[in-house]
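Participant: Below is one structure. I have some questions about it.
Computed from the coordinates by the stated procedures, all read-outs in this text should not be read as laboratory data. Everything quoted here is computed from the prediction, not taken from an experiment. Positions of Cβ are generated from backbone atoms using ideal geometry, with glycine treated the same way; all protein chains shown enter the neighbour counts.
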């Protein structure tokens, strides 16, 4: 049965997708702890008449972003915990399906063997017959 479970876990695409969601949620935690990229801009102005060229560069960063990092991180951790629970649920559901199928097959194979092992005098005599008069 352990082999059947291993094969089912490795080949189940739905479970693999759920595991990938767990990896994405983990990456979101890392991203939530980072500052957003700064905005860099530049302008070049050429005068109509003679004169120097005007060149301007600017770098902008949201100061409020620093205050939102703990909140974003908390949300990301909550989503990661949710993804872990979804993985656990998917694994348990898959294990239940595999074990049910395994035992169903085992039972289906065992019943004909048990019937063949019974002595011929007892086959087909489960209450079917004439009652003595």
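Participant: Using only the alpha carbons, work out the radius of gyration and Dmax of region 1-83 in angstrom.
Facilitator: 24.5, 87
Participant: Report the label-to-label distance for residue 97 and residue 55 in nanometres (one decimal), using points 7 Å from each Cα along the Cα→Cβ vector.
Facilitator: Result for the modelled spin labels: 6.3 nm.
Participant: Please state the shape class of region 41-107: rounded when a/c is under 1.5, otherwise prolate if a/b exceeds b/c and oblate if not, all from the C-alpha gyration tensor.
Facilitator: Details: a/c = 14.74, a/b = 3.48, b/c = 4.23.
In terms of gyration-tensor shape, oblate.
Participant: If you don't mind, there's one more thing I want to ask. Just subtract the alpha-carbon distance of residue 85 and residue 2 from 0.36 nm times their residue separation and send over the number in nm, one decimal. Spell out each step's value before the answer.
Facilitator: Numbers: separation 83, 0.36 × 83 = 29.88 nm, distance 2.30 nm.
Gain in length upon complete extension: 27.6 nm.
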